[in-house]
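What follows is a short report on a single structure.
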Amino acid sequence: MAAALAAAIPPSVLPAAAAVDSADITDAFTGDVGSFPTGWTASPEGGTATVQQVSELERGLRLHDDSTTASMVVTRSLGTTRSTLVAAARLRAAQTTSVIGVHLRGPAGDAATVAMDAAGRLYTYNGAKRVELGSYRADEWLDLRIVAQPTARKYSVFLKGKQIAADLSFRVGTSTLTDLRIGVSRESVGTAWIDDVRVFASPAPDGWNPVGTVTPRTAKQIGSSRLLSGCETTGRKYAKFSEYRDQLLALGTTTCRVQPEWNAVEANADGKYNWTTVDEIVDALLEAGIQPWLQVSYGNWAYGKKGIPAGGANLGAPLPSGAGLEVNANWVRAMVERYKPGGVRYQGRGAGYGVRHWEIWNEPNHPDAPSTIGADYAAYYKLMATIVRQQQPDAVLFGVEYGLDVAFADKFMSALKAAKDDGEADGDTAKQAARIALVNGFSYHPYSNYPDNPALYNSMAALRQVFAKYSQSIEIRQGENGAPSTAGSVGAFGQDTFTEYSQNSYDLRRIIGDLGVGISTELLGTVDLWYRWTPTSAPQINSKGLVAATSDLKATYTKRSYYGVQNVAALFDNTLRPVTRLEPSDDIKKKSPIQGFDFTTTGNGDRTVTARAFEKNGSGQQAVALWFGGDPAQQPRYDSTGKEIDIAARPDRVPNENRATKPVTVTFRDTKMSNPRLVDLTTGTVYRIPPSAVSRHGDSLTITGVPIGNTPVVVADRSITGS
């Protein structure tokens, strides 16, 4: 097909080469129906290429080839880039009898190709050899991603987030890429659709050559880690699990937060439970080796209509009370009995196969909550946690709060300790300890749009101190977070202007920042959530998902942030222990709450370099994540309307679109890296650090020219990166 496409476009039609590394393309083809998109060129014969309506909610670029002697091809210039290049697009064939291809080209021709053949097969190339990738179906969207490394002449292919081919050799001998080309071949007629094209180049310093890529791993391959994913709001039908199931299972997270939602399971307030959606989610997670973390929330409006105060089915709704507690308890008993190891659903599946982790309610201390919420939540938690423990003695139970409220956590624990049973004598320390033991962990939802804010981490340290007053074994967990990828998103950061670039930067800083001090951490939703406040209201997007979705809940493409998180999951499992740690600070301007790892930098100017360090169990080899952030002077400030001010004056903040990096010299005072590599988490590319950039003095290691920016990069030993 390569020769056919090349012959179809005479040199005079090809776009002129642009400046080096100019590749940065985002095109959803939203122009007028019948128009041709700006920035593209098309072959002058072979058919038509026009923007058309794909569905009621989407437009795309339609290629219609009606000739067997000429191709129908569209081309987009990439400039002339030697950098690692990521090209992603959705592609759909209207039939299985045409040859349709996506190509990254250089001066010598097609370097990287993913194509559909005329027999329903998807394929690529390793050099001149064809490599089969499976089958495709007519009218089915393929969510493709190609990561190409021109200087290494290698590329990898992803489909719906899953790596399906790695380290393939270029088809031609070229170390530069100039064009993205998509089309229907000369020999066949047919129709193809293109949508959501996203291309970017990720340069590395001269001489830092790619030597491989991070290999994504599934939860079963990883085993255990502190990285969590989210599967929320399915009960309220703000998302549909089957639409993003494949991406979630390929992500590499080992725990997933799930909201079964009582209102959805018992819709008629009649004691009859419909577990269909919950079964689908929990079954899939367990089969993939992912531990479900089921949240006991929210209430049930159907009972409210019968005059029973069973709470509301939305964020900020009141807790069940009175007679509502009894029917709430019935639902919790039924859920635990169904999903616990050895329970109704998983009898005979072996010890431990089932749900072990539970969370009681969601954000009880929401701003709409009454002033008595600390004691109210303690009473509710005691009842529901006791019910869970009665049926599942080894259940792992979490409390939860809105935001990061140290005072509320203390009030909750104090009230729980004091929540005496009927007839309990004052000062019964054994019973007090039993109530405290109902809390294995406590999760918080710290939506600060400065992800590595020292004040935020100081509050985490203070939260740990509060729980240590009651028990040394209570884990704190960042139980919900993440940035949107669009402006005007519902929920946290609705007033901020995020993009898919700054979402990726924020999410990686948020999760690595937490993992690096030993805190489990979760990103909300996995997919974009579409909120409907009433059955007739217009849907509003919460675009914090790693997977994009339209308002009919159909997943469309896998975002840049997904692959960043996937690379973090592959690298930072529980075989790496954090070296950095949390320590409370009386003055964060004088002492950072992040301690335990000694390093110095030069060349960063007035930018503050943040680090999280990890050490491999057994070998002691280290990995260090680095980015600009963590400066106390970068604290957010807001005007009277709640809008943040002076963002531009504080360059280490997110959100922003500053993609530049600085060559920083970093000295690690006491570290063990026998063979250091650099990892670009966004592309997954592993670079060899030139010997000339590495110097050692005793136990210290200095690396010159580390490219540090807003998005974390990792310097790690080769035994950790795998290449």
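Inspection of segment 557-566 identifies at least one residue that is more than 23 Å from Gly722 (Cβ to Cβ) and either of a type outside the set (Lys, Arg) or not assigned by TED's automatic domain parsing to the domain that holds Val400 (or both).
Among the criteria (1) surrounded by fewer than 17 Cβ atoms within 10 Å (Cβ to Cβ); (2) over 19 Å from Thr233 (Cβ atoms); (3) among the hydroxyl-bearing types (Ser, Thr, Tyr), the one Thr276 does not fulfil is (2).
For segment 366-395, which residues satisfy the criterion of being outside any helix (DSSP H, G or I) and either of a type outside the set (Val, Ile, Thr) or within 19 Å of His445 (Cα to Cα) (or both)? His366, Pro367, Asp368, Ala369, Pro370, Ser371, Gln392, Pro393, Asp394, Ala395, listed by residue number. When the residues of segment 468-491 are filtered to those that are part of a loop (DSSP other than H, G, I, E, B) and polar (S, T, N, Q), the one that is surrounded by the most Cβ atoms within 10 Å (Cβ to Cβ) is Ser485.
Output yes when any residue across segment 193-214 is within 24 Å of Gly289 (Cβ to Cβ) and out of contact with any His (no Cβ under 7 Å at 6 or more places or on another chain), and no when none is. Full working, then the answer.
Restricting attention to segment 193-214, the residues satisfying the condition of being within 24 Å of Gly289 (Cβ to Cβ) are 213-214.
Those left that are additionally out of contact with any His (no Cβ under 7 Å at 6 or more places or on another chain): 213-214.
Yes, some residue in segment 193-214 is within 24 Å of Gly289 (Cβ to Cβ) and out of contact with any His (no Cβ under 7 Å at 6 or more places or on another chain).
If you go through segment 676-723 and pick out every residue that is within 21 Å of Ala201 (Cβ to Cβ), in a strand (DSSP E or B) and not charged (D, E, K, R), you end up with 11. On the stretch given as segment 639-668, residues that are touching a residue at least 40 places away in the same chain (Cβ under 8 Å) and among the acidic types (Asp, Glu) total 3. Summed over segment 123-144, residues that are closer than 24 Å to Asp246 by Cβ and small (Gly, Ala, Ser) total 3.
For the residues Ala115, Ala166, Ala108, the requirement of being surrounded by fewer than 21 Cβ atoms within 10 Å (Cβ to Cβ) and within 30 Å of Glu243 (Cβ to Cβ) singles out Ala166. With respect to the conditions (1) at positive phi; (2) in contact with a Ser or Thr (Cβ under 9 Å, 6 or more places away or on another chain), Ala310 falls short on a single one, namely (1). The listed residues are Thr215, Thr233, Thr255, and the only one of them that is among the β-branched types (Val, Ile, Thr) and either buried (at least 24 other Cβ atoms within 10 Å of the Cβ) or more than 30 Å from Gly311 (Cα to Cα) (or both) turns out to be Thr215.
The values are calculated or read from the model by the stated rules, or taken from the named source; none is laboratory data. These numbers were taken from a predicted model, which means no experiment stands behind them. For neighbour counting, all protein chains shown are included, and Cβ atoms are generated from backbone atoms with ideal geometry for every residue, glycine included.
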